[in-house]
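So the structure is just underneath, and the comments pick up after that.
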Amino acid sequence: MADTDLKPRGKTRTVSKTERPRLHKVLLVNDDFTPREFVVIVLQAVFRMDEAQAARVMMTAHQQGVCVVAVFQKDVAETKASEATDLGREAGYPLMFTTEPEE
């Protein structure tokens, strides 16, 4: 066998890879008291949806009990969910938006 030098030449460099922040889903929870029209207005105001998209999201939540509205970074998701829920509370409705980590 020949004498082979297996030592690295020069300096070794470590590359650190930053991990992306975990995303969170904003969920609309259906209730039997908040008017559908009000839910559509809140979706348009807080989540910048057009009327047709907001109506589809509202109907999905109505039929399935819960619906993913949007996905954001954790702090943005929590802020939007809180803002939307607060609009319902101010109007006297039990409208509820929650967040959970995206898988």
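Coordinate-derived values only; no laboratory data. In this text the structure is predicted, and so the values were computed from the model without any measurement. Cβ sites come from the backbone with ideal geometry, for glycine too, and all protein chains shown count toward neighbours.
Between helix 51-64 and the chain there is an angle of about 90 degrees, using the helix long axis and the longest principal axis of the Cα atoms.
Taking amide H as placed 1.01 Å from N in the peptide plane, the amide H of ALA70 sits under 5 Å from that of VAL26, each at least 5 places away or on another chain.
At an R0 of 30 angstrom, the distance between the Cβ atoms of ASP31 and GLN73 translates into a FRET efficiency of 0.65. Between (1) 12.1, 36; (2) 13.2, 36; (3) 23.5, 85, which matches Rg and Dmax of the Cα atoms in Å calculated for the structure shown? Here Rg and Dmax of the Cα atoms in Å agrees with entry (3). Selection among VAL76, PHE97, PRO35 by position relative to the dipole of the chain gives VAL76 as farthest towards the positive end (Cβ unit charges, Cα centre).
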